[in-house]
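**Student:** To start, I am sharing the structure in question, which I have written as structure tokens.
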Amino acid sequence: MMNQLLKTALLAVALVGTTSHSLLAQEEFDDEESKKVVPIDKRYQTEVNALVKLPAVQAAFKRFAELEPQTKKTLITLTEIPAPPFKEEARAKAYAAMLKEAGADSVWIDEVNNVLAKKKGRSGQKTVVVEAHLDTVFPAGTDVTVKQKGDTLYAPGIGDDTRGLTAVMTVLAGMKHANIQTDADVLFIGAVGEEGLGDLRGVKHLFRPGGPKIDSYIAVDGLGISNITHRSLGSHRYRITFKGPGGHSYGAFGIANPHGALGKAIYYFTVDADKFTRQGIKTTYNVGVIGGGTSVNAIPFESRMEVDMRSESPERLKTIDAMLQAAVQRALKEENAMKRRGPDLTVEVKLVGDRPSGRTEATTPLVQRAMAVTKYLQAEPKLSASSTNANTPIANGVPAITIGSGGTGGGAHSLNEWWLNDKGVLGMERILLLLLTEAGVAR
Ligand SMILES: [Zn+2]
């Protein structure tokens, strides 16, 4: 019982402030831009049609089907290796071994525990990345045993993004088996730190100064074969703490009260933010957590809040962020002006999340190819905005999108997460075709 309570509490903590494409995807699809019909240039459809006629590509497709039992086994094995935020090491080691086995030319684990597997291209002039993320939102101690009911697999993290890891690995295995050589180098990657306070630290590390050269980036996250996330939903998150001496409500009356400052800060911020967000590109804000104080007859020594702001527009994200900073400073000044004695309040503003906004235009080859491949597989391409690992390459000027790993599922970020192999091989076929259009097939 105690144990269950503790687990529930830990889980609640883990779920605070997580940003899931999986959770957000549906609502993000509703925006105006996602409803626009984007035409596909015929040349990309011609390119895909030529590609699927290659015997080697057909051989890889056949291999994906043959590997289905193995792919399922791998999914279960990886899901049952816990990968809480900042504790992905065990899963990284297992995944590295699997990529080696699948046929990579070289495999290594970097300083932050990202797994990188290289398949050398003929010219190697370009490098294309196919990546899925290693981490889950679930804290250490969560039961990650996979349970099967009928054909459905249940376990925390099974879809988001362990299925992605498995699909990426199977694509490599299929290419190796069919002897497909690309022109560009391909990096198959398992990245750490995609979820929540991980704050994209894995992909940010890949794009560090001096990091590997990357020309095109395909993140595999989410399910199905329709979604194409080409716009990144940026976010800023802050933990803001007002601090004062604290004291007795009667005896120390007149000293500055941090709760007073916090209340004013929320008020000034939300009045400005409300006006600002009623028009223009969708921009949101949320005061998600407030806390501090010990007793009704004690003046608190601190008062804190956590604030989340999001926008697809980097400019608008900057503007709303500036509104928050101004509101905090104004509140501090006014609360200090009201005090009758004692020291001033201070404020600590800590950035706890920073995800860049941006987009890979729908007319760029990467997005066009993803759409053409999706059409070829008889699915309807769905362009969307979300917060995923593609945010970081996009912010670095590298074309990037996030696509699903195939199959169907639900309950991402919950203990009831499930995945069902509903034509899951199409997920691998889609990844392979897109990868080959970007990397080129050496002939
Ligand atoms: Zn994910």
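**Student:** From GLY124, GLY190, which residue is surrounded by 24 or more Cβ atoms within 10 Å (Cβ to Cβ), modelled with pLDDT of 95 or more and not in a helix (DSSP H, G or I)? Steps first, please.
**Tutor:** Details: GLY124 fails: surrounded by 24 or more Cβ atoms within 10 Å (Cβ to Cβ).
Selected residue: GLY190, the only one of GLY124, GLY190 that is surrounded by 24 or more Cβ atoms within 10 Å (Cβ to Cβ), modelled with pLDDT of 95 or more and not in a helix (DSSP H, G or I).
**Student:** Now, a different point. Identify, by number, the condition in (1) touching a residue at least 40 places away in the same chain (Cβ under 8 Å); (2) more than 16 Å from the ligand (Cβ to nearest atom); (3) at negative phi; (4) outside any helix (DSSP H, G or I) that ASN113 doesn't meet.
**Tutor:** Looking at each condition in turn, ASN113 falls short on (3).
**Student:** If THR402 satisfies every condition in (1) touching a Ser or Thr at 6+ places or on another chain (Cβ under 6 Å); (2) under 16 Å from THR182 (Cα atoms) but one, which is the exception?
**Tutor:** Exception for THR402: condition (2).
**Student:** Further, regarding this structure: Taking ALA83 and the conditions (1) within 28 Å of the chain's Cα centre (by Cα); (2) part of a helix (DSSP H, G or I); (3) surrounded by 19 or more Cβ atoms within 10 Å (Cβ to Cβ), which numbered condition does it fall short on, given that it satisfies the others?
**Tutor:** Answer for ALA83: the failing condition is (2).
**Student:** Here is a further query. For segment 305-318, which residues satisfy the criterion of being at pLDDT 95 or above and surrounded by fewer than 18 Cβ atoms within 10 Å (Cβ to Cβ)?
**Tutor:** LYS318
This table checks each residue for (1) within 20 Å of ASN416 (Cα to Cα); (2) in the same structural domain as TRP418 (by TED's automatic domain parsing); (3) more than 16 Å from the ligand (Cβ to nearest atom); (4) out of contact with any His (no Cβ under 6 Å at 6 or more places or on another chain).
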position	(1), (2), (3), (4)
LYS147	yes, yes, yes, yes
ARG163	yes, yes, no, yes
LEU172	no, yes, yes, yes
GLN181	no, yes, yes, yes
ILE189	no, yes, no, yes
GLU195	yes, yes, no, yes
ASP199	no, yes, no, yes
LYS204	no, yes, no, yes
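**Student:** Next question. Would you list the strands (runs of 3 or more DSSP E) that sit entirely within segment 391-443 and hold 2 or more residues that are among the β-branched types (Val, Ile, Thr) and modelled with pLDDT under 95? Quick ask: steps written out before the conclusion?
**Tutor:** Numbers: elements: 400-403, 408-410, 418-420.
Filter on segment 391-443 gives an empty set.
**Student:** Identify the single condition in (1) of a type in the set (D, E, K, R); (2) within 22 Å of GLU438 (Cβ to Cβ); (3) not in a helix (DSSP H, G or I) that ARG163 does not satisfy, given that it satisfies every other one.
**Tutor:** (3)
Residue-by-condition table, conditions (1) out of contact with any Pro (no Cβ under 6 Å at 6 or more places or on another chain); (2) surrounded by fewer than 24 Cβ atoms within 10 Å (Cβ to Cβ); (3) farther than 29 Å from ASP41 by Cβ:
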| position | (1), (2), (3) |
| --- | --- |
| LYS350 | yes, yes, yes |
| THR364 | no, yes, no |
| THR374 | no, no, no |
| ALA379 | yes, yes, no |
| ALA400 | no, no, no |
| GLY404 | yes, no, no |
| LEU436 | yes, no, no |
| ALA442 | yes, yes, no |
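**Student:** Out of curiosity, is LYS204 buried (at least 19 other Cβ atoms within 10 Å of the Cβ) and in a helix (DSSP H, G or I)? Break it down into steps so the answer makes sense when it comes.
**Tutor:** Values: buried (at least 19 other Cβ atoms within 10 Å of the Cβ): yes; in a helix (DSSP H, G or I): yes.
Yes, satisfied.
The values are calculated or read from the model by the stated rules, or taken from the named source; none is laboratory data. Note that the coordinates shown come from a computational prediction; the quantities given were computed from them, not determined experimentally. Backbone-built Cβ (ideal geometry, glycine too); neighbour counts: all protein chains shown.
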